[in-house]
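Heads up, the thing below is written out as structure tokens.
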Amino acid sequence: MAQYAAFGAILQQFDTVSGYVTVAQIDDIQGPGLGTGTQDTTTHDSDNESRGMTGGVKEIGELTMTLIFDPGALTHVSKLTMLSDGEYGIFKVTFPDAGDTEWAFRAFVTGFEPTAAVEGALTASVTLLGTGEPYIEDDFTFLVTESGTYLVDELDNVFIKI
């Protein structure tokens, strides 16, 4: 099984003017977590007195990142704007594996917490909460038409209308 160093992972946010823009000066990325809920289906006459479960609603959890915070950097300011506006963005994490695996997802900014320690860099902890379905593929592009902008794969399958 291959092993990869995490150095070189990037987080990008989609911008309708520039395409994907790399979020600057990220120190650490955690997530996004992927999960599914479960539903207990155990009944009084379940086989062998065993608990029964079924899969439930799938979810994209949180992505947290630590930024070396630059209050003038557009990719940092945009997270504050998203937080105050309550709008979601489209993000993509690219992992530094042999195939540069990409996970694309919609997310809201739910937290932005700067830290200014006496000794240390000015940092900010930013939390994104995913919404909808994640797309885990090798290649994503955007199709811009008169009726809207769409996230599509290499076969032009539409995933997200922006």
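Can you confirm whether Met65 is within 17 Å of the chain's Cα centre (by Cα), part of a strand (DSSP E or B) and surrounded by 18 or more Cβ atoms within 10 Å (Cβ to Cβ)? Full working, then the answer.
Numbers: within 17 Å of the chain's Cα centre (by Cα): yes; part of a strand (DSSP E or B): yes; surrounded by 18 or more Cβ atoms within 10 Å (Cβ to Cβ): yes.
Here the answer is yes, as Met65 does meet what is asked.
Residues in the stretch 53-94 that are acidic (Asp, Glu) and under 12 Å from Gln25 (Cβ atoms): how many? Give the derivation first.
Residues of the stretch 53-94 acidic (Asp, Glu): 59, 62, 70, 85, 87.
Narrowing further to those that are under 12 Å from Gln25 (Cβ atoms): 70.
Counting residues in the stretch 53-94 that are acidic (Asp, Glu) and under 12 Å from Gln25 (Cβ atoms) gives 1.
Would you please list the contacts, defined by Cβ atoms under 6 Å and residues six or more apart or on different chains, that run from a residue in the stretch 42-68 that is touching a residue at least 60 places away in the same chain (Cβ under 8 Å) to a residue that is part of a strand (DSSP E or B) and surrounded by fewer than 10 Cβ atoms within 10 Å (Cβ to Cβ)?
Listed by first residue and then by second, the contacts come to Lys58/Thr36.
Name every residue in the stretch 70-94 that is buried (at least 16 other Cβ atoms within 10 Å of the Cβ) and not in a helix (DSSP H, G or I), in order of residue number.
Result: Tyr88, Gly89, Ile90, Phe91, Lys92, Val93, Thr94.
With the checklist (1) surrounded by 11 or more Cβ atoms within 10 Å (Cβ to Cβ); (2) farther than 19 Å from Gly130 by Cβ; (3) in contact with an Asp or Glu (Cβ under 9 Å, 6 or more places away or on another chain) in hand, flag the one item Arg51 doesn't pass.
Arg51 satisfies every listed condition except (1).
Output the residues belonging to the stretch 11-25 that are outside any loop (DSSP other than H, G, I, E, B) and surrounded by fewer than 17 Cβ atoms within 10 Å (Cβ to Cβ). Steps first, please.
Looking only at the stretch 11-25, we keep the residues that are outside any loop (DSSP other than H, G, I, E, B), and these are 11-15, 19-22.
Of everything in the stretch 11-25, those that are outside any loop (DSSP other than H, G, I, E, B) and surrounded by fewer than 17 Cβ atoms within 10 Å (Cβ to Cβ) turn out to be Asp15, Gly19, Val21, Thr22.
Suppose we filter the stretch 27-57 for residues that are of a type outside the set (A, V, I, L, M, F, W, C), part of a strand (DSSP E or B) and within 30 Å of Phe7 (Cβ to Cβ); how many remain?
Total meeting the criteria: 4.
No lab work stands behind these numbers, since they all come straight from the coordinates. Everything numeric in this text was worked out from a predicted model, so none of it was measured. Methodologically, a virtual Cβ is constructed for each residue, glycine included, from the backbone with ideal geometry; neighbour enumeration extends over all protein chains shown.
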